[in-house]
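Contents: one structure, followed by commentary.
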Amino acid sequence: MTTPPVGVERRIGQRFAFNLPVFLRDVTTALEGPGFTQDLSSRGAFLFTDLALSEGAEIELTLKMPSEITLGENMRVRCRGRVLRIVRPADTSRKPAPSADSATKSDESKAAETKIGVAVCLNGYEYLPEVEDSPAGFRRISALHSPNETERPATPAPATPAPAIPRAAAR
């Protein structure tokens, strides 16, 4: 009998298999785009995207970090990190082993076959305020306001008397 080779686990934090939507931004080139995670920990992530990234690139990821990682509530965070590895769609080194029910693949795994895989080491977090579920036209665009500007209550317009409308003489 032969025993399989023993691999050394180099990860510090526990990895969770979460398929979460993520928004990516390359800090150097300012390229932005969507993606989704395959797995996630407090120190790193493996995700899929169409964004043209390269190894060593500094990136930002914005996502809702699950409670299993925050050890509290789910929180929106912006993470800064560095791309450790890129896996092209034709590269089979990261693909999971085929299973008996491989004919019924999920939408995420079908999409993952056409996107690049990105391994990211996370360096820091910025906690973001929750986004209210309201129509896009009514959301506050914080980029238009300075960070130390406080919210001011709306002041009503001063009341002006309505102009008099002449009445037609009734005869």
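What to note about this one:
- For the range 74-79, Karplus couplings with θ = phi - 60° (6.51, -1.76, 1.60), whole Hz, Gly/Pro x: 4, 9, 6, 9, 10, 9
- For PHE18, the residues whose amide H sits under 5 Å from its own are ASP39, LEU40, ignoring neighbours fewer than 5 places away on the same chain, with H placed 1.01 Å from N.
- The length gained on full extension between LEU84 and LEU31, counted as 0.36 nm times the residue separation minus their Cα-Cα distance, comes to 17.3 nm.
- Scanning residues 5 or more positions from LEU31 or on other chains, those with amide H under 5 Å from its amide H are ASP26, with H placed 1.01 Å from N in the peptide plane.
Here, each number is a calculation from the coordinates, and none is a lab measurement. The structure presented is a predicted model; accordingly, all values stated were derived computationally and were not measured.
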